[in-house]
1. Under 19 Å between alpha carbons, and skipping anything fewer than 8 positions from residue 413 in its own chain: which aspartates and glutamates qualify?
2. If you take the square roots of the eigenvalues of the alpha-carbon gyration tensor of the range 271-407 and sort them as a ≥ b ≥ c, do you get rounded (a/c under 1.5), prolate (a/b over b/c) or oblate?
3. Relative contact order for the chain: what is it in percent, counting Cα pairs under 8 Å that are at least 6 residues apart?
4. Quick check: at a probe of 1.4 Å, how many percent of the accessible area of the range 215-291 sits on carbon and sulfur atoms?
5. Sequence neighbours fewer than 8 away in the same chain don't count; with that in mind, list the aspartates and glutamates whose C-alpha is under 17 Å from residue 211.
6. Cα to Cα, under 23 Å, and not fewer than 8 places away if on the same chain: which lysines meet these conditions relative to residue 35?
7. Compute the acute angle (0 to 90°) between the alpha-carbon long axis of helix 125-137 and the principal axis of greatest extent of the alpha-carbon atoms of the chain; round to the nearest 10°.
8. Do any trypsin sites (Lys or Arg not before Pro) in the range 270-345 lie in a loop, going by DSSP, with at most 15 other beta-carbon atoms within 10 Å of their beta carbon, and if so which?
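The values are calculated or read from the model by the stated rules, or taken from the named source; none is laboratory data. Quick caveat, the model's predicted, so the values are computed rather than measured. Note that we place each Cβ from the backbone using ideal geometry, even for glycine, and neighbour counts take in every protein chain shown. Protein only, heavy atoms only, side chains kept; ligands, DNA and RNA dropped before computing areas. Shrake-Rupley method; radii C 1.70, N 1.55, O 1.52, S 1.80 Å.
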Amino acid sequence: MAQAANQKQDRASAVAGGGRSSRCIALVGPYLSGKTTLLEAILARCGAVSRQGTIAAGSTVGDASPEAREHGMSVSLNVADVEFLGDKFTFVDCPGSVEFQLEGGYALTACDAAVVVCEPDTKRVPALQLILKQLEDRGIPHFLFLNKIDTFSSPVRDIIPILQPASRRPLVLRQIPIWENGIATGFVDLASERAYVYREHAPSEVIELPKAVADREKEARFHMLEQLADYDDELMEQLLSDLPPPKDKVFDDLAVELRDGVICPVLLGSAGNGNGILRLLKALRHEVPFVATTARRLKLENARSAAYVMKTMHTAHGGKLSLARVLTGEFGEGTIVTGPSGAEERCAGVMALKGEEATKRGVARAGDTVALSRLEKIRTGDTITAEGSVVQVKGPDTAEAVFGTGLVLKDRKDEVKLSAAMGKLVEEDPSLTLVHDQDTHQVLLLGQGEMHLRVAVERLTRKFGLAVDRRKRLVPYKETIRAGTTVRGRHKKQSGGHGQFGDVVLDIQPRARGEGFEFNETITGGVVPRQFIPSVEIGVKDYLTHGPLGFPVVDVSVTLTEGSYHSVDSSDMAFRQAGRLAMSEGMPKCNPVLLEPIMKVDIAVPQDATARITGIIPQRRGHILRFDAREGWPGWDTVEAHIPASEMEDLIVELRSATAGVGTYRAAFDHLQELTGKLADQVLAQAKAAAA
């Protein structure tokens, strides 16, 4: 087969190009599925660590940052290199929480394959679907590693149909467990037809196939072969002819169909006990494509040198590090690299990473995953070259912010420092955004959830020494008027020498919602000289920034109809003040009313949670517009609604609580709506108290 030939050619090229092949494998999966424990088990099995650490003891290579230790979860990528049977691998452990998943999205772009770690839990199927769909859409080969087999309460044959709806690819079971007294004591490999018994934190041992599982093994193996035969006519003919296919043929099919992205092989194990690790490593070694295949997938096979930046890190002593996968060519200390903008800069060094530990190493060649130091102009998601050309591969889609918090420095002298620190923080995590809200005058940190922002603020303090307080995000209320009036405004001041004189008559009228502000004039006879009319408009606008209720005024028409001037004392400033005085006197007479912003919200949730979501929306004073099946997402719905901005602050928290952590939404301003009664009184009282 062409794919098999490519695999052999890629391995030969790797050997000819300097020795052992090097591949990059992402470990992904739902939150708490055991990815970091699996990384630790792999390191222990390959001899990269002397003893397998545990998360409970805080002794793992991954999750070594204070934030990860504090919260007991991955909050950034964990990277480590291993050698296995002469091949080199880099494993990239990606956070499982949906709030930190963009980290993994960048890493996946340049990985050769992914191991999806999951548990046999029906409640985790939607979270599993999120991950599998991303891999499927991006054409990344992937295995499913059913973790925590020591806790299984259902037969594997019952678990696979439960998980299958999460995958568009057939889940092809590669192993079946051997049970004794309800405990998984080993497994049978369906490809090799060998039985193994587990040994805790040690390689499994080959045993004779137990008679109790012989029939089940034949049934499961035939089903696996049938699934493979769906994509191989030769194998299908052998099965129809009752001819047992050669084992080499079975292994070749598994490898080719994995790389073609038509199947998702399923392996079993327990990362915590070190079970199933050796079989997983052997599957990765024999079946995962090499970097040349990844370069072809990313359309970079003809580039002389190219590397993709998976992540940016700012370290206390090493400065800026760019974690990069070399896809073609080589990069070394002193290499001049070119980014997507065409700007060039010199690489100060090449580092190998093991958790948070960085050590200097030699030239990085195609396949290597390394940290390149002090590339100040390069950002996460950039593709860099070493010969001056400009190329760029498509990375993950960026996620829209769904949660925000106000930031207030405890020491105002740190304002300049905050800007620089946030620039570095956003470089490290592109799913964060810092904005200055022009309506509320707040500094806002926006991200993917409450925990996401909590960790970001903790990093601000730990890494950059900035003490900040979080504040509730303010709602950009507006106000308008329901009635009109005509009012005179006169500014007259005499203090020796030239005085100040401006006199105007303004007609103030409401406009339809959304029509904005309009200024007109009907002056005749020169009662207000032409050169002063723009100053009147400026004075009117000055007032509209803070109306009688304390909020910006919208949808108002103001017409200058009359006035008078003094040949000596009139000036631009005097007429500006006159316009402002007229507004301050007339606006309270125009029946002012508070307006609240209404957001158009598109909510995406699994179908079994739709009823709960449609109940949440009215509780937040929302109005459901429609709901429908989510296009391209089997088993999901979208719910469209109008929800007041004041009710949006913790919506994502409630959505995720109701959907096992996977619900999300997109929101955009839609319109302003009158707010009256008790709620309006509360808003006005809070605004008055804040201004006092």
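1. 469
2. rounded
3. On the way: 1459 pairs, mean separation 69.8, N = 692.
The value is 10 percent.
4. Details: 1530 of 3150 Å².
Reported share for carbon and sulfur atoms: 49 percent.
5. 180, 189, 193, 219
6. Correct list for residue 35: 88, 123, 133, 148, 282, 311, 354.
7. The angle comes out at about 90 degrees.
8. 299, 304
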